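Asks: Take this structure first; my questions come after.
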Amino acid sequence: AGAILARRDTQTPPQSFETALSACRRCPLWENATQAVPGEGPDDAPLMIVGEQPGDMEDLAGRPFVGPAGQLFDKVAARAGLARERAYITNAVKHFKFTPRGKRRLHQAPSAGEIAHCRWWLDLERERVRPRLILAMGATALDSLTGDRRGLLKRRGGIEETADGTPVLITLHPSYLLRLPSETRPQAEALIEADLRRAAELTA
Ligand code: URA
């Protein structure tokens, strides 16, 4: 990906999305994170998948959805016939937010303000890719894309729209599955699988 953002004068070379993102100071999350994590995938992807924010492993790798939630996503996507490499996969917030706990870094949910500041970057990705469909995974993505995070469980499986008219299919976040007790996890996993299958079919 290498969208030209702005050309201030003829001496300054155009900046790539990644370079501009890596210098982001729009909110304080950059200070403690290792790096900003941009989305990845084809610039002409028919489907955009939006998660919450990079986790511990994504923060270190600089790539989205490579840790436990990403591995679970890959497993369910494979069963649903959704080819991850055909989609553009990104996050509503581009820096990892955490609290240190001994040697571990515990995930913290991004605030409404952080989500709003980071929408700048998601909007640029949406302008570049112009997907036919966006899959919103979880309440943070839903908030960023529709302006309303309430009632995720009731809205899941539905299709809504961004303010500029792109359809948004709503599903649960894969890390929600990781927190469920093993008795209820299969039902929730089946819901996500059905949503991923629908996303794949709608963008085939
Ligand atoms: N969870 C997310 O929402 N995004 C990632 O990239 C990884 C975990």
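Asks: Under 8 Å for C-alpha pairs, at least 6 residues apart: give me the relative contact order for the chain, rounded to a whole percent.
Replies: Working: 365 pairs, mean separation 44.0, N = 204.
About 22 percent, as a whole number.
Asks: Another question about this same structure. Which whole-number percent is the relative contact order of segment 105-204 (Cα, under 8 Å, 6+ apart)?
Replies: On the way: 99 pairs, mean separation 24.3, N = 100.
Answer for segment 105-204 is 24 percent.
Asks: On a 0 to 90° scale, report how tilted helix 68-80 is relative to the longest principal axis of the chain, with both axes built from alpha carbons and the result rounded to the nearest 10.
Replies: 60 degrees
Asks: Can you check what the net charge comes to around Thr99, using other residues whose Cβ is under 15 Å from the Cβ of Thr99 (Lys, Arg +1; Asp, Glu -1)?
Replies: The answer is +1.
Asks: Next up: What is the sum of charges around Pro46, taking Lys and Arg as +1, Asp and Glu as -1, for the other residues whose C-beta is under 10 Å from the C-beta of Pro46?
Replies: +2
Asks: Once you have a ≥ b ≥ c as the square roots of the Cα gyration tensor eigenvalues for segment 8-86, tell me rounded if a/c is under 1.5, and otherwise prolate or oblate according to whether a/b is larger than b/c. Mind showing how you got there, number by number?
Replies: Working: a/c = 3.25, a/b = 1.51, b/c = 2.15.
Because a/c hits 1.5 or more and a/b fails to exceed b/c, segment 8-86 counts as oblate.
Asks: Around Val66, with a cut-off of 14 angstrom between Cβ atoms, what is the net charge of the other residues, counting Lys and Arg +1 and Asp and Glu -1?
Replies: -3
Asks: Taking the Cα centre of the chain as origin, sum charge times position over the Cβ atoms of Lys and Arg (+1) and Asp and Glu (-1), and report the length of that vector in debye to the nearest 20.
Replies: Taking the Cα centre of the chain as origin, the dipole is about 440 debye.
Asks: Which residue fluctuates most in the GNM of the chain (Cα springs below 10 Å): Leu82, Leu180, Leu122?
Replies: Leu180
Asks: Among Met137, Phe96, Ile115, pick out the residue whose Cα is farthest towards the positive end of the charge dipole of segment 83-204, where Lys and Arg carry +1 and Asp and Glu carry -1 on C-beta, about the Cα centre.
Replies: Result: Phe96.
Asks: Quick one: order Ser175, Ser16 by neighbouring beta-carbon count within 10 Å, fewest to most.
Replies: Listed from fewest to most nearby Cβ atoms, that is Ser16, Ser175.
Asks: Considering only lysines 8 or more places apart in sequence, or on different chains, count the pairs in the chain whose C-alpha atoms sit under 26 Å apart.
Replies: So the count works out to 4.
Asks: Let me ask another. Given axes a ≥ b ≥ c from the Cα gyration tensor, I'd like to know whether the chain is rounded (a/c under 1.5), prolate (a/b larger than b/c) or oblate.
Replies: It is oblate, given that a/c is not under 1.5 and a/b is not larger than b/c.
Asks: Here's something else I'd like to know. What residue among Asp74, Asp44, Asp164 has the largest mean-square fluctuation in a Gaussian network model of the chain, using Cα springs under 10 Å?
Replies: Of the options given, Asp164 has the highest mean-square fluctuation.
Computed from the coordinates by the stated procedures, all read-outs in this text should not be read as laboratory data. The structure presented is a predicted model; accordingly, all values stated were derived computationally and were not measured. When we count neighbours, we look across all protein chains shown, and the Cβ atoms used for this are built from the backbone with ideal geometry, even at glycine.
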